[in-house]
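In what follows, a single structure is set out as structure tokens and then discussed.
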Amino acid sequence: MTGVLIFIVLALVAAAAAVAVTRTRVTLGLVASAPLAAMAIWTAFAAESDVLEGTPLTGSIGWLPTLGVSFDIHVDALSLVFLGLISTIGAAIAVYSAVYLTDLAKARRFLALLALFAAAMTGLVAVDNIYGLFVFWELTTITSYLLIGFEDRKGSARAAALQAVLTTGIGGLALLGGLVLLSQETATTSISQLVANPPTGTVGTVAIALILIGAFTKSAQVPFHSWLPGAMSAPTPASAYLHSATMVKAGIFLLFRLSPGFSTDPIWTPVVVTVGLITMVIGAWRALRQTDLKLLLAYSTVSQLGFITALTGTGSPAMLHAGLAVLVAHALFKSALFLTTGSIDAIAGTRDIRVLSGLGRRRPTLAAVGVLAAASMAGVPPLLGFVTKEAAFSALIDTGQWAALAVVAIASVATVAYSLRYLWGAFATKPPSPEADPKGFDAPVAPMGLVLPPLVLGVAGAVTGLFPGLVNRFVSAFQPGKLPLIPGWKPALAVSAVVVAAGVLVHWHRDRVGRTQDRVGSLTRRLPSGDRAYRGAVALLNRVADRTTGLVQSGSLPVYLSTILVATVSVPAVAWFSSGSSVDLHPLSVSVGEIALAALVITAAVAVTRAPSRMVAVLLLGAVGYAIAGIFVIYAAPDLALTLLLVETITVAIFAFVLTKVPRRFEQERSRFFGRFRAVLALGVGGFVTAASIIASRQRSGPSDSEIYAELAPTAGGSNVVNVILTDFRALDTLGEITVLAVAAIGITVLVRGLRSEPGEGT
Amino acid sequence: MKVRPSLLVETGARTMVPTLLVVSAFLLVVGHDSPGGGFVGGLLAGGALLVVFLSGGRAAVTSMLPVPAGAILGAGIMTAVATAIGGLVFGRALLDAGKLEIDAGWFGSWSVGSALLFDVGVFLVVVGLVSTVLLQLGDPEEREE
């Protein structure tokens, strides 16, 4: 079963590559959505197994088994809920995007990124190893970065992408720190075991604080929330998928995952509940002021994420149950709303509330989708948004969290109001406002692909609202709880009724509310905000980096080399003398050939220092290299000798090219002191390296690595030890080295190009 | 200013370059069991490119490379990474080497290891690096820009 899931993830990666060669929109949509559809079917099958009875599907792929790192797969009810959302919403959005992005080249790039993101997100919710979790977590950050900056020629999009990646990246590092602390403390890297045996004490609390920072940055909680509205510069389908339905819920996924075990920690409940509620209120307040439909939805997402976060705070089963149900409802209605907004943008050419007018009459189907989804967001029966919000109210009432209930209710009033504002702004016929620049809707009838996906998602919210058992089957398997359509005459229903009525009232008096908001806004403008903190931190970092660079990087090659070489000699020398150990040298046996070659090396090296021109010096250095290659031959190391000969040859040739650009002769030494210093330093380094090699090669207690390698080489299928080391024993090192080579090649290209475009300004 | 290379270099290159390339391919293939391998093979092929450069300049190198130098680099990295991940796909560890035995009857039996594929990646990266350096740094007078 888990093998199939791995296959689907690989299929997503393959789809990301395959979309590059698609020629039509139809195949593009099919290729990108097929693996996601397969995953949806997989989820349905998995639900028929024992997962919902509490037996997780498990599996494991070795990754770095020698380091104890592996991809342990652990699919339980919580994972299934997320997999269901990733696959169904993902498939709908893949189809939508293939129509929405009219430029085929852009659509290909977009869907490739979307497929990669889906693969990373699937891994994130299915993996049971902290390192695996971190890797997938960061992969979602990277794909999110690329999607926010999708319009890479726009400076604002790049800035928003940078803010998102820096904020969530710092959170990711905090998360890694927290996870490593936990695994050190509890001696396990398995998340399920961490939850079963939660850590206690100060280390546990510090680790939890770090993990919470990671979760809060990812899920856009105050004060880290300001990257999410910026992320709206991504194409709308990406906002719908990543920045509303799935990725921003990764942090919340982690809270759900850990809350059952970790909520006993003293800081968990107060911090999570407080941050969640503050975020919910601030998001809702901001959403009420927006004139851009997409930004309205973005702040609404911030608010709803805060709501769900708060519900994970106490760790009580009823709250967690309600929280997960709200999460499902939110994913459905918010993705439908985002896609509707995208369609409005495509049809009318604007998302501005002040400009849009009369769209509802002209596009009744789209308006119906919008109403369905916004009503679910507002919590109107019989939609899933209502059912799940009722569950949340009931959970708050039953556990007596009156203060939290009051805050949630007030924010929910704002939710109703901004849901109405969305519908009114998008579809109502309004008198043209002074700022308005009305546009005619002469666009052709919206293609099916722009209406059908949001319609499906909106209808899904209605069907699951009428039959909440469909959702509760999964959610109650995570934490027991009921999700009735008709809650009965309970206080929670009264709360809902009051909230909706108050919300309608707030929308009715929207002008007065708007004026109040402006007044409050002008008062709070001077208060510190997350956005300002981000800008300040980036500016400070740049200043410190500038200063440090100016201080450390003098730009003089002799200074750099002297620093490196002095450190090379002095650090080991100090260690050596302070350790006070003595050397017991075995006698050296040296052949005549070696002595001859060594003499050649020394002669050539001395001659380099006396060389009149650079070219002569380079040739003499080549001679040093050739002589050393000769020593390798004497020691019967043909691989090394051959490699060194070729390296020396090519290096000398490259030097010859470069030397045409610098003065032919060496500059005259300006100070006698520096010349002496260099001579002393050179002799010191040479003497030190010689002594160190002799001592190291003569001081052998056990069998040498080379003997062990020679013995092991046949088991790796080769008899050339050097090559087996490169391609097998130390293959990871080789992989790193060739990456360095590639980076060096890119560096050379960039440097030369830079020199060419700015003559005389080479820095 | 364009200097014609000496007749010696030009004639020598004609025989040297194919020979060098064949030997470099040989070194790459036998590397796992005899002296050779991706690094050495790649460097020798780079040496061949150097000879081409000395005899015919940048244009000769560009026309000899089937794809841009950057693409060779990229292909090399991709090959090596794909081989590394191959170990995972076949249910073993990252970078774990696999082997395929081919019995070619009269031609003898070969065993093609994933190590060779990995080495091909190394080979391509080295060739890509040398050609990048040659094309970027070599012979500024001849540059059109």
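The values are calculated or read from the model by the stated rules, or taken from the named source; none is laboratory data. Quantities reported herein were computed from a predicted structural model and do not represent experimental measurements. Reconstructed Cβ throughout: ideal geometry from the backbone, glycine too, with neighbour counts over all protein chains shown.
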Index of the failed condition, residue A:60 passing every other in (1) within 14 Å of another protein chain (Cβ to nearest Cβ); (2) surrounded by 19 or more Cβ atoms within 10 Å (Cβ to Cβ): (2)
Segment B:4-20, residues that are buried (at least 18 other Cβ atoms within 10 Å of the Cβ) and farther than 14 Å from residue B:60 by Cβ: B:20
Helices (runs of 4 or more DSSP H) wholly inside segment A:270-370 that include at least 2 residues being of a type in the set (Val, Ile, Thr), assigned by TED's automatic domain parsing to the domain that holds residue A:382 and farther than 25 Å from residue A:463 by Cα: A:293-311
Filter result for residue B:135 (modelled with pLDDT of 70 or more, more than 11 Å from every other protein chain (Cβ to nearest Cβ) and under 30 Å from residue B:7 (Cα atoms)): no
Yes/no for residue A:183 being in a helix (DSSP H, G or I), in contact with a Leu (Cβ under 9 Å, 6 or more places away or on another chain) and closer than 19 Å to residue A:244 by Cα: no
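Can you pull out the residues in segment A:32-55 that are hydroxyl-bearing (Ser, Thr, Tyr) and closer than 29 Å to residue A:19 by Cβ? If you could, list the steps in order and put the result at the bottom.
Just the residues of segment A:32-55 that are hydroxyl-bearing (Ser, Thr, Tyr), to begin with: A:33, A:43, A:49, A:55.
Passing the criteria: A:33, A:43.
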Options A:251, A:230: the member that is under 23 Å from residue A:136 (Cβ atoms), within 17 Å of the chain's Cα centre (by Cα) and of a type outside the set (Val, Ile, Thr): A:251
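Taking the condition charged (D, E, K, R), modelled with pLDDT of 90 or more and either part of a loop (DSSP other than H, G, I, E, B) or surrounded by 13 or more Cβ atoms within 10 Å (Cβ to Cβ) (or both), does residue A:737 pass? Even if it seems obvious, please write down each step before you answer.
Numbers: charged (D, E, K, R): yes; modelled with pLDDT of 90 or more: yes; either part of a loop (DSSP other than H, G, I, E, B) or surrounded by 13 or more Cβ atoms within 10 Å (Cβ to Cβ) (or both): yes.
For residue A:737, the condition - charged (D, E, K, R), modelled with pLDDT of 90 or more and either part of a loop (DSSP other than H, G, I, E, B) or surrounded by 13 or more Cβ atoms within 10 Å (Cβ to Cβ) (or both) - is met.
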Counted residues, segment A:657-674 - those being within 9 Å of chain B (Cβ to nearest Cβ) and either surrounded by 14 or more Cβ atoms within 10 Å (Cβ to Cβ) or in contact (Cβ under 8 Å) with a residue 60 or more places away in the chain (or both): 2
Residues that are assigned to a helix (DSSP H, G or I) and in contact (Cβ under 8 Å) with a residue 40 or more places away in the chain, drawn from segment A:191-204: A:191, A:192, A:194, A:195, A:196, A:204
Boolean, residue B:49 is more than 8 Å from chain A (Cβ to nearest Cβ), modelled with pLDDT of 85 or more and crowded, with 20+ Cβ neighbours inside 10 Å: yes
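Restricting the search to segment A:304-339, which residues are of a type in the set (S, T, N, Q), farther than 18 Å from residue A:241 by Cβ and buried (at least 24 other Cβ atoms within 10 Å of the Cβ)?
First, the residues of segment A:304-339 that are of a type in the set (S, T, N, Q): A:304, A:309, A:312, A:314, A:316, A:335.
Now drop any that are not farther than 18 Å from residue A:241 by Cβ, which leaves A:309, A:312, A:314, A:316.
Residues satisfying the conditions are A:309, A:312.
Table: residues versus (1) more than 13 Å from chain A (Cβ to nearest Cβ); (2) β-branched (Val, Ile, Thr); (3) loosely packed, with under 15 Cβ neighbours inside 10 Å; (4) farther than 30 Å from residue A:13 by Cα.
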site	(1), (2), (3), (4)
B:22	yes, yes, yes, yes
B:36	no, no, no, yes
B:45	no, no, no, yes
B:53	no, no, no, yes
B:77	no, yes, no, no
Of all residues making up segment A:158-190, the number that are at pLDDT 90 or above, over 13 Å from residue A:208 (Cα atoms) and surrounded by fewer than 19 Cβ atoms within 10 Å (Cβ to Cβ): 7
Per-region count, segment A:675-701, residues exposed (fewer than 12 other Cβ atoms within 10 Å of the Cβ), among the aliphatic types (A, V, I, L, M) and modelled with pLDDT of 85 or more: 3
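Quick test for you: out of A:61, A:89, A:73, pick the one residue that is within 19 Å of residue A:327 (Cβ to Cβ) and out of contact with any His (no Cβ under 8 Å at 6 or more places or on another chain).
A:89
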Spans of helices (runs of 4 or more DSSP H) in segment A:205-267 with at least 2 residues more than 26 Å from residue A:537 (Cβ to Cβ), of a type in the set (Phe, Trp, Tyr) and at pLDDT 90 or above: A:249-262
Subset of segment A:4-25 (residues that are surrounded by fewer than 17 Cβ atoms within 10 Å (Cβ to Cβ) and outside any helix (DSSP H, G or I)): A:23, A:24
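Can you name the helices (runs of 4 or more DSSP H) wholly within segment A:508-597 that have at least 1 residues being closer than 30 Å to residue A:693 by Cα and either touching a residue at least 24 places away in the same chain (Cβ under 8 Å) or hydrophobic (A, V, I, L, M, F, W, C) (or both)?
On the way: elements: A:510-524, A:530-552, A:557-579.
Counting at least 1 such residues, we get A:557-579.
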